[in-house]
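The values are calculated or read from the model by the stated rules, or taken from the named source; none is laboratory data. For clarity, every value in this text was computed on a predicted model and none was experimentally measured. A quick note on method: Cβ atoms are made from the backbone with ideal geometry, for glycine too, and the neighbour counts reach across all protein chains shown. Only protein heavy atoms, including side chains, enter the accessible area calculation; ligands, DNA and RNA are left aside. Shrake-Rupley method; radii C 1.70, N 1.55, O 1.52, S 1.80 Å.
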Amino acid sequence: MALLMAAAASTPLLIAGAASAQSAPTSKAVTNVGEIVVTATRREQALSKVPESVSAFTAAKMDIQGIKSFADIAKFTPGVNFDQDSHDITIRGIQSTAGSSTTGVYIDDTPVQARNLGFNSNNTLPAVFDLDRVEVLRGPQGTLFGAGSEGGTVRYITNQPSLTHFSGFAHAEAAWTDYGGPSYELGAAAGGPIVQDKLAFRISAWGRRDGGFIDRVDYRSLVPTDKNANRVDTYALRLAFTYAPTPDFTITPAVNFEKRDQHNHDTYWLAISDPGAGVFLNGTPDRQADTDHFLLPTLKIQWQGPGVTFISDTSYYARKERVNGYSGTLYNLSYFQHFLSSDPNISAYGVPYPTDPQGNEVDSAGHFFPLLSPTGLNLPQMPNYYSQNNITNSQYNWTQEFRLQSSNPAARLQWVAGAFLAFNYQRSTEEINDPMLPALTRLLWNEGMVRAWGERLLPNGDDYINDTRSHDRQIALFADATFNVTDQLKLEAGLRFAWTHFDFTNLNDGPQDLLDSGGVPATASGGKDEKPLTPKFTITYQVTPDDMVYATAAKGYRIGGATPPLPIVACGGVFPTSYNSDSVWSYEAGAKGRFLDHTLSLSGSAYYIKWSNIQQSLVVPICAIMYTTNLGEAVSKGFDFQGQWQVTPHLELEAAVGYTHARFTTDALDSTQDPPVLLAGKGDSLHVTPWTVTLGAQYNFQFFDRPAFVRADWEYNSHLNALTVEEDPNTANFDPFLVNNPATNLVSLRAGVTLDRLDLALFANNIFNSHPQLNLQHQDSTTTLFEAETFRPLTVGVSVNFRY
């Protein structure tokens, strides 16, 4: 982690990205706003000269703002939303839970985003330890970063070995959360030359525990069974070497390892919790964990020739995630509830219960309806019923990129061209393990498994398994060139052409599988081949050496795919088995400038994005099975603004403001049903927070002749001011019980001092203990057990950094 005090001595938060924040000076005061050097265009440029909407965070800036993950980065980035549960990143309103990711996620030059093959095919969350910077590129980046960057790209740039100097640092942190468990963090990084100018290394190790604040309890007694259950443990290791046989030629092998273990999800039950008193309880009998780890070996080769640079990036990404994506217990009971009657005298088959000669009911199972109440399970005869959902996601991705690019920054023509190859294997296995189903079946319907379900449980106790394996292959050629027509006017054009292939095989089995027949597993396969073309055009005018305006038109793209077939009888119709690509055309106009003798830095852009043929995942209500298809069109329009002002040598102000208006522009109809069913109505919102505002203020001063600072940050998200698909009473997905998130406010404070090589800081996050009800959900529109999420309560802590 970077030094907390890099900004404490009036050092600007935007410092030159070419130097690691760990070695940034902290003793010399400056009064102008500095620059970050980024590689958003695949070549080094000052951020103020990049004709794109880019937010960049140096290691020092992330430390001073208390950033620990992308969830924190999103708070300080206009136009970006992040779903902590699914790990989905939304940029400028472009996001869906179907098909390939709409946001490219890169660790250095390796894409690591996942295709959504089923429920909870989550993206990984790279750690932010020992990074040089993080770059967030808004708008489609298809030309340089491919089909996974339809809405934008997030790039994690690691610190590289230095052939000339040695540096290192250590970081420790401890924090305490109101009503919750402690958090702590420990990490260290070091690197430098082994042989001066010839061979160097960089190594880092880091671990963090985020203490939980939600207790798992027995839903009947409310006695805790797992205190602070939503705790998270994260570990990261990295080792890199650089070998330079000649001054113009370097070879850099590296390996990254990360493991993240979330012990339980962040949801609490509304009916048994009291957020105002700090009581957050979850009575779900089955634990909902998320364990994710990856190994990423890479090899970078770079050769500097006369006026050109050749770069080869090779990587192999091996990842496995095991997630209990939803509660098997709650899902099963909500599903079984559909086959029961609310009339205690009527059976699941719609007829009165039979009676014996004395007039007594033979089967009284229908008397417990509903199976889920607001406070838990309504099964007096089986209070310990339990079912576990297990989802395993695996990725094995090999990627190779070759680039040749100009290296003379003074040349009139700047260009980059290359080839990209990717061979990706992905597997998603969803299981519901339900060893108590035979007893529950007998209780509810007085029937055995074979008669009720057509077959017995699978040998391992599963009542359902959905196993999908897929291959993504891609070969792409790309080029981007910028021509300086004059010293002020620049024209840029880029183009990417790709050959893409996707195929899958799917297996469904188990008693709950509506696709199989008489115990025979159902299998399916499919594929899709496409040839996407993604152009980009930009015009830039440098009004003064410090001020520029630009306009961009760019296309973004996601390749299509295939989806397993649905059972006709159970789901009531014939549904698509493949889906096509979707695409966006984005039009952006922006300006960047540095004013008042470089003490004020401003950037802003306005955009209009047309999204066509949108890939979406849909759940058929009658059978509760999901499929993927293309539905409707949408438009997202808005603006983003960022500013930083060094008001005095002591006072710094920052602002990040984003506005996104994302709506369906056509009705999305399911034409597989007769008559067609409305899935999304014209004017329905795309679930995007319209306004995001972050304001920061920092005061730098001398504390007993030591550089010190105090800082405050305020984050605001507005409520959704339009109906979502679930709130539109005309759509098939209408749920009258769901409400959108309210407007939220979050305030954090930090203060610190530098003592030679030691930096000390105190912090308090969520100082007003705000606990808004967020992401309200229940199993379906017929169940009354509601769950929600909220902010982490007030958390105070201390952070220590030592650099050498």
Review point. How high is the relative contact order of region 182-323, given as a whole-number percent (alpha carbon pairs under 8 Å, six or more residues apart)?
Key: 20
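To the nearest 20 debye, what is the magnitude of the charge dipole of region 394-498 about its Cα centre, counting +1 on the Cβ of each Lys and Arg and -1 on the Cβ of each Asp and Glu? Write down the numbers at each step before the final one.
Values: 10 positive and 13 negative charges, 82 e Å.
In total the dipole reaches around 400 debye.
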Practice item. May I ask for the net charge around H771, where only other residues with Cβ less than 14 Å from the Cβ of H771 are counted and Lys, Arg are +1 while Asp, Glu are -1? Key: -3
Review point. Each residue of region 374-389 in order: what ³J(HN,Hα) in whole Hz does its phi give by Karplus 6.51 cos²θ - 1.76 cosθ + 1.60, θ = phi - 60°, with x for Gly and Pro?
Key: x, 10, x, 7, 10, 10, x, 7, 9, x, 9, 4, 8, 9, 10, 8
Review point. If the chain between H719 and V739 were fully stretched, how many nm would it gain, using 0.36 nm times the residue separation less the Cα-Cα distance?
Key: 6.2 nm
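From the Cα gyration tensor of region 432-517, with a ≥ b ≥ c the square roots of its eigenvalues, which class applies: rounded if a/c is under 1.5, or else prolate if a/b is larger than b/c, or else oblate?
On the way: a/c = 6.63, a/b = 4.10, b/c = 1.62.
Note, shape of region 432-517 comes out prolate.
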Revision key, fill the gap. A correct Karplus calculation of ³J(HN,Hα) over region 539-549, with 6.51 cos²θ - 1.76 cosθ + 1.60, θ = phi - 60°, whole Hz and x for Gly and Pro, returns 10, 10, 10, 8, 4, 9, x, 10, 10, 9, 10
Check your understanding: Could you give me the ³J(HN,Hα) list for region 159-171, computed from phi with Karplus coefficients 6.51, -1.76, 1.60 and θ = phi - 60°, whole Hz, x at Gly and Pro?
Key -> 6, 9, x, 9, 7, 10, 9, 9, 8, x, 7, 10, 9
Practice item. Between the alpha-carbon centers of region 599-665 and region 41-112, tell me the distance in whole angstrom. Key: 12
Point to revise | the chain: relative contact order as a whole-number percent, Cα under 8 Å and 6+ apart | key: 12
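Defining a contact as two alpha carbons under 8 Å apart and six or more residues distant in sequence, what relative contact order in percent does region 236-305 show?
Working: 111 pairs, mean separation 28.6, N = 70.
Here the relative contact order equals 41 percent.
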Exercise for review: Relative to the longest principal axis of the C-alpha atoms of the chain, give the angle of the C-alpha long axis of helix 328-337, reported between 0 and 90° and rounded to the nearest 10°.
Suggested key: 40
**Study point:** Carbon and sulfur %, accessible surface of region 50-177 computed with the full protein complex present, 1.4 Å
**Key:** 53
Study note, to complete from the structure: Counting sequence-distant residues (5 or more places) and residues on other chains, those with an amide H built under 5 Å from that of D684 are F664
Revision key, fill the gap. Treating only Lys and Arg (+1) and Asp and Glu (-1) as charged, each at its beta carbon, one finds that region 175-333 has a dipole about its Cα centre, in Debye to the nearest 20, of 400
**Study point:** Interchain or long-range residues, amide H under 5 Å from I107's placed H
**Key:** V112, Y156
Revision key, fill the gap. Distance in Å, no decimals, from the C-alpha centre of region 380-395 to the one of region 531-557 is 50
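What do you reckon, how do H263, H719, H87 stack up by accessible area (1.4 Å probe), largest on top? List each step's numbers first, then the result.
Working: H263 40, H719 95, H87 5 Å².
The residues order as H719, H263, H87, largest area first.
Express the carbon and sulfur contribution to the solvent-accessible surface of region 668-765 as a percent, rounded to the nearest whole number, probe 1.4 angstrom.
Working: 2930 of 4840 Å².
Exposed carbon and sulfur together represent 61 percent of the surface.
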Study note, to complete from the structure: For K49, the lysines lying under 21 Å Cα to Cα, once residues fewer than eight places off in the same chain are dropped, come out as K61, K490, K536, K592
**Study point:** Cα gyration tensor shape of the chain, rounded if a/c is under 1.5, else prolate or oblate by comparing a/b with b/c
**Key:** prolate
Revision key, fill the gap. Row for region 79-228, column shape: gyration tensor on C-alpha, a ≥ b ≥ c, rounded if a/c < 1.5 i.e. under 1.5, prolate if a/b over b/c, else oblate; value oblate
Check your understanding: Could you give the accessible area per residue of the chain, probe 1.4 Å, as a whole number in Å²?
Key -> 38
Review point. Under a 1.4 angstrom probe, counting protein chains only, how are Y316, Y464 ranked by accessible area, largest first?
Key: Y316, Y464
Review point. If you rank F82, F294 by how much accessible surface each has, with a 1.4 Å probe, what is the order from largest down?
Key: F82, F294
Revision key, fill the gap. Once the in-chain neighbours fewer than 8 apart are removed, the lysines whose Cα is under 25 Å from K198 read K300
Study note, to complete from the structure: Sorting Y627, G454, S603 by the position of each Cα along the dipole of the chain (Lys, Arg +1; Asp, Glu -1; all at Cβ), the one nearest the positive end of that ordering is S603
Check your understanding: At what distance in angstrom do the alpha carbon centres of region 180-222 and region 262-328 lie from each other?
Key -> 14
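Per the helix-only calculation at 222 nm, which mean residue ellipticity applies to the chain, given -39500 (n - 2.57) for every DSSP H run of n ≥ 4 and division by its residues, nearest 500 deg cm²/dmol? Intermediate results must be reported in sequence, preceding the final value.
Values: 7 runs with 44 residues, N = 804.
Helix contribution divided over all residues of the chain: -1500 deg cm²/dmol.
Would you mind working out the magnitude of the charge dipole of the chain relative to its Cα centre, with +1 at each Lys and Arg C-beta and -1 at each Asp and Glu C-beta, to the nearest 20 Debye? Spell out each step's value before the answer.
Values: 55 positive and 81 negative charges, 521 e Å.
So the magnitude is around 2500 debye.
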Point to revise | Selection from T523, Y425, F483, by position along the positive dipole direction of region 411-529 (Cβ) | key: F483
Point to revise | Flagged links, alpha-carbon separation over 18 Å, of K528/K610; K531/K555; K528/K555 | key: K528/K610; K528/K555
